[in-house]
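Worksheet for the structure shown next.
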Amino acid sequence: MTKLSMRVLIASALALTLFTCSEPARYDLMLRGGTIIDGSNSPSFIGDVAITGDRIVAVGDLTATSASVELDVSGLVVAPGFINIHSHAEAGGLPTAVNMLSQGVTSEIINADGAGPVDLPVQLSSLEGGGLAVNVGAMIGFNSVWGEVVGLEEVRPSSNQIQAMQGLIQQGLESGAWGVSAGLDYVPGYYATTDEVIQILSPFARWNTVFANHDRVTPESNFSSIAGMSETLAIGEAAGLIPLVTHMKLQGWEQGRASTILGRMSETPTSFTGGATADVYPYLAGQTGLQSLIIPSWAQAGGRDTMLARFRDPALRAQIITEAEQAMQLRFGGHQGVYLMQSQRELTVAMEELELDSPGEAVIQLLEESGQGIIARFGLEEDLVEIMQHPTASIACDCGASTSERTHPRYWGSYPKVLGEYVREKQQLSLENAIYKMSGLPAKTIGMSDRGVIRPGMLADLAVFDPETVIDYATYDNPTLKSDGIIHTLVNGQIAWSNGAATNIQPGRILRRRPPP
């Protein structure tokens, strides 16, 4: 975009205030008089931010200089653009990314929970070709690698298969992956033993990167989320990677015990200052597939058709029902904690309509019709706050750029919810600390060195918001209601969101992590 077109865009389409001067402009864009919270957890200060091209070039009192375009942001906070290190962005959502830009998010790290293609160059090239409203980086997914090499059955991998999986992870890291993600709670990653995961990951200790895992919660541990998160810590420590407990939560019967696992995180020896790391979103319910965490893993082995065949076996069906009901009880406090997204009704309502007393039977009948997503309630407010306050816990949203109408409210509300509810209203986080957890800390966690803080030389990803009005509105019944208070979102120096609307440009880039020396 030229300086002239930017000026026309801002003046006519966005009705922003322009300041001009008679002398030649020194910078392209200036944010004047904002409260700068630089993303380093340092105190805020009043100042100006100057941008030339895609980079921040000066910060402070810049009254003696000028820019081609100057925006008065006095009374507003100027923060680094928020970095979502746990993204489920959809390819179709990234060209516009309205739900993310409206939250101040400028970068997303995709392929969370072990998912995504194993060929990252093809994936990233395709996304780049479609145009990006936000920046996009990728993890290499352990589950996808396991499925590619070993398959969907519960079998032990051969030494050749171990080497093949290591080769695919190596290729992913060399292609710029920001770490290895896993969803050991999901098939087929569920079938990998702890020792096998460690063996597969151990060659990559020199990369000083993260192992981000959706913790494995098993019947053998009585569905203990603490046991699952402890496994993540053990794998990272043994393999030499930085453990990242992803979308951290205390589920079901273990609610109220956040300090137990947070203490273990701090005590885990890693190359990251402060111990192991985590990310957390500000809700007390998650989103997943109806079968994913309810139907026992052995019944899912081999894929959907094989699972449906097991449903038709009376003896197996009875066993599946028993185990599914146990899972719902211990994970979600019972079937009353399950909300069906596609039909927008509680599982209890579906049971009434199906004239069933058994929630396990209802789940099976619903899955026989089709696969579908659920909202699963799990949490306790006190745990959530304690996790968010932990020094190495980043704020992420377990969401991503999306055009779906059937989704979790976190897709539209996560970051404004933290700023409005947990900072301004509940005062559980300071504004400086919350911004750090959305920008500088996630960048540090994954090894991103050119974004996440406001300093000269850094890339100009910025979020400008009103600290007095920022708030979320999305609910479980109306999950796509837009948040308020995010005034401007800049991606690589260009204004992608302003005054409640996207500017419909695509300044995003593919972000790749550099290999170690």
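Quick notes
- DSSP beta bridge pairing in the chain, given as percent antiparallel to the nearest 5: 55 percent
- An ellipsoid equivalent to the range 288-377, defined through the eigenvalues of its Cα gyration tensor, has semi-axes of 19, 13, 13 Å when rounded to whole angstrom and sorted largest first.
- For the chain: lysine pairs under 20 Å (alpha-carbon distance), excluding those fewer than 8 apart on one chain: 7
- With θ taken as phi - 60° and the Karplus curve 6.51 cos²θ - 1.76 cosθ + 1.60 applied, the whole-hertz 3J(HN,Hα) list for the range 240-246 is x, 9, 7, x, 10, 6, 8 Hz, x standing for glycine and proline.
- Note on Ser358 and Arg455: the extension gain reaches 29.1 nm, defined as 0.36 nm multiplied by sequence separation minus the Cα-Cα distance.
- For the pair Val385 and Ala502 in one chain, pulling the backbone fully straight at 0.36 nm per residue adds 38.9 nm over the alpha carbon distance.
- Label-to-label distance for Gln365 and Thr469 is 4.9 nm, based on points extended 7 Å past Cα in the beta-carbon direction.
- This ranking places Trp207, Trp298, Trp253, Trp178 by how few other beta-carbon atoms lie within 10 Å of each, fewest first, which gives Trp253, Trp298, Trp207, Trp178.
- Exposure proxy shown here: for Tyr422, Tyr191, the number of other Cβ atoms within 10 Å sets the order, fewest to most, as Tyr422, Tyr191.
- Per-bin percent of Cα-Cα distances, the chain [10 Å]: 4, 19, 29, 26, 14, 6, 2, 0, 0
- Using a simple spin-label model with pseudo-atoms 7 Å out from Cα toward Cβ, Arg406 and Glu174 lie 4.2 nm apart.
- Annotation: the residues Ile471, Ile169, sorted from fewest to most other C-beta atoms within 10 Å of their own C-beta, follow the order Ile471, Ile169.
- For the chain, the relative contact order comes to 22 percent (Cα pairs under 8 Å, sequence separation of at least 6).
- Where only DSSP H runs of four or more residues are counted, the chain gives -9000 deg cm²/dmol as its mean residue ellipticity at 222 nm, each run worth -39500 (n - 2.57).
- Applying both filters, DSSP loop and at most 16 other Cβ atoms within 10 Å, to the GluC sites (Glu not before Pro) of the range 78-182 gives Glu90, Glu153, Glu154.
Computed from the coordinates by the stated procedures, all read-outs in this text should not be read as laboratory data. From a predicted model like this one, the values you see are computed outputs, not experimental measurements. Positions of Cβ are generated from backbone atoms using ideal geometry, with glycine treated the same way; all protein chains shown enter the neighbour counts.
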